[in-house]
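Notes follow once the structure below has been shown.
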Amino acid sequence: MVPPKRVRETASRATHPSTRVLEFSRAEGYSVDYGHLDLLLGRDAPCEVFPEIASWLSQDVRLESVSSLN
């Protein structure tokens, strides 16, 4: 696994406006410290992780729609 600090450093170099870094951990207010598989298969993932992913996908679609109009 990659330490969160390294993920943030890499994401800071991304140029797409919808780039986000979320740390699914107890320290960030989530019920558990999520690992890679937990993000999809974890007991609380449907309530905690999936809505964040859906929100990000929805935002990305809106950004792409706007940029295609220009």
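The values are calculated or read from the model by the stated rules, or taken from the named source; none is laboratory data. As the structure is a computational prediction, the values presented were derived from the model and not from experiment. Here the Cβ is made from the backbone with ideal geometry for all residues, glycine too, and neighbour counts use every protein chain on show. Heads up: the accessible areas ignore ligands, DNA and RNA and are worked out on the full protein's heavy atoms, side chains in. Shrake-Rupley method; radii C 1.70, N 1.55, O 1.52, S 1.80 Å.
The set of residues in region 1-20 that are open to solvent by less than 70 Å² (accessible area, probe 1.4 Å), β-branched (Val, Ile, Thr) and at pLDDT below 90 contains only Thr19.
Please go through region 21-37 and pick out each residue that is under 18 Å from Trp56 (Cβ atoms) and surrounded by 12 or more Cβ atoms within 10 Å (Cβ to Cβ).
From region 21-37, those under 18 Å from Trp56 (Cβ atoms) are 21-25, 28-30, 34, 36; that's our starting set.
Within region 21-37, Val21, Leu22, Glu23, Phe24, Ser25, Tyr30, Tyr34 meet the criteria.
Just so you know, in region 1-37 the residues that are closer than 19 Å to Ser55 by Cα and part of a helix (DSSP H, G or I) include one that is farthest from the chain's Cα centre (by Cα), and it is Glu28.
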